[in-house]
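Working notes for the structure below.
The values are calculated or read from the model by the stated rules, or taken from the named source; none is laboratory data. In this text, all values refer to a predicted model and were calculated from it rather than measured experimentally. Quick reminder, even Gly has a Cβ in these numbers, built from the backbone with ideal geometry, and neighbours come from all protein chains shown.
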Amino acid sequence: MSAGTLYVVATPLGNLGDLSERAKQVLRDVAVVAAEDTRRTRTILTHVDARPRVLSFHAHSPTTRLETLVRALVAGDNVALLTDAGTPTISDPGVVLVRRARSAGATVVAVPGPSAVVAALSVSGLSADRYTFLGFPPRKGQARKRILEYVATSPWTTVVFESAGRLVRLLEDLASTCGGGRDAVVARELTKLHEELKIGTLSDLAVYYEENPPRGEVTLLVAGRPPEAAAQDEDAIRERARALLDEGLSRRDVAGRLAAEFAVPRREAYRMVTRL
């Protein structure tokens, strides 16, 4: 008996009308659904009159649940993987099931559809020729600092997810690192009844959401650093580096000072110092 197929099924962000005809048929045909949020998934299944076996599968599921799903695939059952909204495995634990399914001999098939990242980019007005998606930013420490520095220096639009309760702090941290005048967009509750798209600078958005606490799902987009700003920063960094070297600081210490003063990655700062 050949192994079954794992279908990675994108589901609506909120509006059930966005579920594709192909996705509906797959949900009616599969034997098992692996669902990050079983309540939301059952709403979708009822909407399309589908009756598969539903198993909870999320970041905190025991390893036995993963093994159960793999055994079902090996036995020849077809399985659909659903996240709570949007496309599975994108900032989502479902990637481990995809890997295990493929290593067990199952076929893995994408059933594409809604994505909060793409939806937000499409209406943001920011450049999407090239962009970086960073998922949920770390809450504290050096990991958070590195992410903030990356956003500050990236020439491309950056997209992140954030909880509503932490949005203001993230906007304030980004304003401090990138400069408060950097353009940004908050896309909230996409495709839902209370959908909101707020466009402004990082500082303005921080003030707005401090006064109007957000609710629901949040996608934040930050414009890339303008080329002229990057050139000006590099000139200023080189000038400051020369001054610090003249004071007798080591290249490593100079790089550390530059990283802190100009909010650039330490590795980039060290590279610029060594080129002098």
Practice item. Would you please list the contacts, defined by Cβ atoms under 7 Å and residues six or more apart or on different chains, that run from a residue in region 90-109 that is touching a residue at least 24 places away in the same chain (Cβ under 8 Å) to a residue that is of a type in the set (D, E, K, R) and surrounded by fewer than 16 Cβ atoms within 10 Å (Cβ to Cβ)? Key: 108/102
Exercise for review: Could you please find all residues in region 91-132 being under 14 Å from residue 220 (Cβ atoms) and of a type in the set (A, V, I, L, M)?
Suggested key: 116, 117, 119, 120, 121, 123, 126
Check your understanding: What do you reckon, is residue 99 out of contact with any Asp or Glu (no Cβ under 7 Å at 6 or more places or on another chain) and within 22 Å of residue 37 (Cβ to Cβ)?
Key -> yes
Exercise for review: Have a look at 175, 187 and point out the one that is touching a residue at least 60 places away in the same chain (Cβ under 8 Å), in the same structural domain as residue 151 (by TED's automatic domain parsing) and of a type in the set (Gly, Ala, Ser).
Suggested key: 187
Check your understanding: List, please: which pairs have Cβ atoms under 8 Å, are six or more places apart or on different chains, and start with a residue in region 253-276 that is within 21 Å of residue 155 (Cβ to Cβ) and in contact (Cβ under 8 Å) with a residue 40 or more places away in the chain and end with one that is of a type outside the set (Asp, Glu) and outside any helix (DSSP H, G or I)?
Key -> 259/265
Review point. Inside region 48-72, can you point out the residues that are over 27 Å from the mean Cα position of the chain (by Cα), over 15 Å from residue 9 (Cα atoms) and surrounded by 14 or more Cβ atoms within 10 Å (Cβ to Cβ)?
Key: 68, 72
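This table checks each residue for (1) at pLDDT below 85; (2) surrounded by 12 or more Cβ atoms within 10 Å (Cβ to Cβ); (3) of a type in the set (Gly, Ala, Ser).
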residue: 208; (1), (2), (3): no, yes, no
residue: 217; (1), (2), (3): no, yes, no
residue: 223; (1), (2), (3): no, yes, yes
residue: 235; (1), (2), (3): yes, no, no
residue: 250; (1), (2), (3): no, no, yes
residue: 262; (1), (2), (3): yes, yes, no
**Study point:** Restricting region 73-93 to residues that are out of contact with any Pro (no Cβ under 9 Å at 6 or more places or on another chain) and small (Gly, Ala, Ser), the residue that is surrounded by the fewest Cβ atoms within 10 Å (Cβ to Cβ)
**Key:** 75
Exercise for review: Please find, within region 11-35, the residue that is surrounded by the most Cβ atoms within 10 Å (Cβ to Cβ) out of those that are touching an Asp or Glu at 6+ places or on another chain (Cβ under 9 Å) and hydrophobic (A, V, I, L, M, F, W, C).
Suggested key: 35
Exercise for review: Give the residues of region 238-260 that are under 23 Å from residue 178 (Cβ atoms) and touching an Asp or Glu at 6+ places or on another chain (Cβ under 8 Å), sorted by residue number.
Suggested key: 240, 259
Practice item. All but one of (1) farther than 24 Å from residue 119 by Cα; (2) buried (at least 20 other Cβ atoms within 10 Å of the Cβ) hold for residue 274, so report the exception by its number. Key: (2)
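Residues checked against (1) more than 23 Å from residue 119 (Cα to Cα); (2) modelled with pLDDT under 95; (3) of a type outside the set (Lys, Arg):
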position: 25; (1), (2), (3): yes, no, yes
position: 38; (1), (2), (3): yes, no, yes
position: 54; (1), (2), (3): yes, no, yes
position: 81; (1), (2), (3): no, no, yes
position: 93; (1), (2), (3): no, yes, yes
Exercise for review: Look at residue 98 and say whether it is within 30 Å of residue 28 (Cβ to Cβ), of a type in the set (Val, Ile, Thr) and more than 18 Å from the chain's Cα centre (by Cα).
Suggested key: yes
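Being of a type in the set (Lys, Arg) and free of Cβ contacts under 8 Å to residues at least 40 places away in the same chain narrows it down to one residue among 40, 53, 22; which is it?
The match here is 53.
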Practice item. Just give me the residues in region 94-117 being surrounded by 16 or more Cβ atoms within 10 Å (Cβ to Cβ), small (Gly, Ala, Ser) and over 19 Å from residue 68 (Cβ atoms), in sequence order. Key: 113, 115, 116
